[in-house]
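One structure below.
The values are calculated or read from the model by the stated rules, or taken from the named source; none is laboratory data. As the structure is a computational prediction, the values presented were derived from the model and not from experiment. As a convention, Cβ positions derive from the backbone with ideal geometry for all residues, glycine included, and neighbour counts pool all protein chains shown.
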Amino acid sequence: MSSTRLSNESYLAHIRDESARFLEVLRECDPTALVPSCPAWTASDLLWHLTEVQHFWTHVIRTRPSAPEDYAEPVRPATYADLLTGFAAQTAEFTDVLAAADPSEPAWGWSVEQTVGFSYRRQAHEALIHRVDAELAAGLPSCVDALLAADGLDEVLDIFYGGKPAWGTFSGLPHYLRVDTLDTDHSIWIQLGRLAGDKDGEHVDVEDFAVVSDPGVEPDAVINGTAADLCLRVWRRADGANTHLTGDHAIIDHFRQLIHAPLD
């Protein structure tokens with residue numbers, strides 16, 4: 001498949017744009033409005049969450065390549081007005097620090113990739129998804145950039161759900177599903193299998209999947225739709241009503257069960 005990756009300049013522009021829209025929506029939103037996609041949160045909780053996230057990654061980039069063992073969590077402001085002011089200052093600081101860093105430089109990350117570039121990509125998608133959360137809380141429609149959504153779909157499938165812990169070994173089965181983004185012409189191949197290994201003194205053997213290169217065989221099933229519909233569906237910010245399914249529905253149902261596991 002062709003890579004979904006964007007340029008680092010594009011990721012940075014998306015972080016700025018998505019964060020600005022996030023703030024714009026929440027300025028006009030009832031602070032007590034519930035966030036449908038995050039039922040335990042209100043709009044004020046959502047605002048503080050992205051502030052904390054960008055505060056943390058500002059620290060990571062500034063102290064690179066050290067792990068953030070000395071990170072001190074910020075104190076949540078008491079009022080919504082101060083939350084809004086605090087986010088505006090934090091997102092400006094974060095994007096300035098990120099822009100000044102070479103994406104190829106070593107930096108701590110929770111995934112395999114240990115460069116500043118990890119933060120460029122991850123935080124573009126973090127800001128995108130939480131901007132959609134803000135619009136859901138405010139009862140507003142969402143418009144999502146197709147190429148960013150295609151890359152977000154690849155990231156959530158490959159890294160969040162498809163990423164493998166150091167303790168486990170993935171064994172693939174001859175069952176493949178392909179996810180096609182119709183508006184960006186990307187295809188993501190999924191191989192079903194099992195993850196096994198010893199975790200904290202206990203043997204674990206569970207069903208799993210991995211994102212793989214085109215295996216050169218016909219897929220057992222295909223899911224297609226626009227990049228935005230697919231990305232938001234996998235992130236549980238949309239119901240997937242506009243996606244289309246063909247092939248072995250047992251394979252599709254199995255895949256759905258795996259992506260309904262909690263996201264850490």
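Condition (residue is of a type in the set (Gly, Ala, Ser) and more than 19 Å from the chain's Cα centre (by Cα)) applied to the range 47-66: is it met by at least one residue? Before you say what the answer is, go through the steps one by one.
Restricting attention to the range 47-66, the residues satisfying the condition of being of a type in the set (Gly, Ala, Ser) are 66.
Narrowing further to those that are more than 19 Å from the chain's Cα centre (by Cα): 66.
There is at least one residue in the range 47-66 that is of a type in the set (Gly, Ala, Ser) and more than 19 Å from the chain's Cα centre (by Cα).
Is there a residue being within 30 Å of THR243 (Cβ to Cβ), in contact with a helix residue (DSSP H, G or I) (Cβ under 7 Å, 6 or more places away or on another chain), crowded, with 19+ Cβ neighbours inside 10 Å and among the aromatic types (Phe, Trp, Tyr) anywhere in the range 52-60?
Looking through the range 52-60, none of the residues is within 30 Å of THR243 (Cβ to Cβ), in contact with a helix residue (DSSP H, G or I) (Cβ under 7 Å, 6 or more places away or on another chain), crowded, with 19+ Cβ neighbours inside 10 Å and among the aromatic types (Phe, Trp, Tyr).
Against the list (1) modelled with pLDDT under 95; (2) surrounded by fewer than 17 Cβ atoms within 10 Å (Cβ to Cβ), the condition ASP102 fails is (1). Among the residues of the range 112-139, the one identified as modelled with pLDDT of 95 or more and exposed (fewer than 14 other Cβ atoms within 10 Å of the Cβ) is GLY139. Once the range 3-40 is narrowed to residues that are among the aliphatic types (A, V, I, L, M) and more than 22 Å from TYR80 (Cα to Cα), the residue that is surrounded by the most Cβ atoms within 10 Å (Cβ to Cβ) is ILE15.
ALA89 satisfies every condition listed in (1) surrounded by 15 or more Cβ atoms within 10 Å (Cβ to Cβ); (2) closer than 22 Å to LEU128 by Cβ; (3) of a type outside the set (Asp, Glu) except (1).
Which one is surrounded by the fewest Cβ atoms within 10 Å (Cβ to Cβ) among residues in the range 146-169 that are of a type in the set (Asp, Glu) and out of contact with any helix residue (DSSP H, G or I) (no Cβ under 7 Å at 6 or more places or on another chain)? Write out each step before concluding.
Of all residues in the range 146-169, those of a type in the set (Asp, Glu) come to 151, 154-155, 158.
Within this subset, residues satisfying the condition of being out of contact with any helix residue (DSSP H, G or I) (no Cβ under 7 Å at 6 or more places or on another chain) are 151, 154, 158.
Details: ASP151: 27, ASP154: 23, ASP158: 17.
Looking at residues that are of a type in the set (Asp, Glu) and out of contact with any helix residue (DSSP H, G or I) (no Cβ under 7 Å at 6 or more places or on another chain), I get ASP158.
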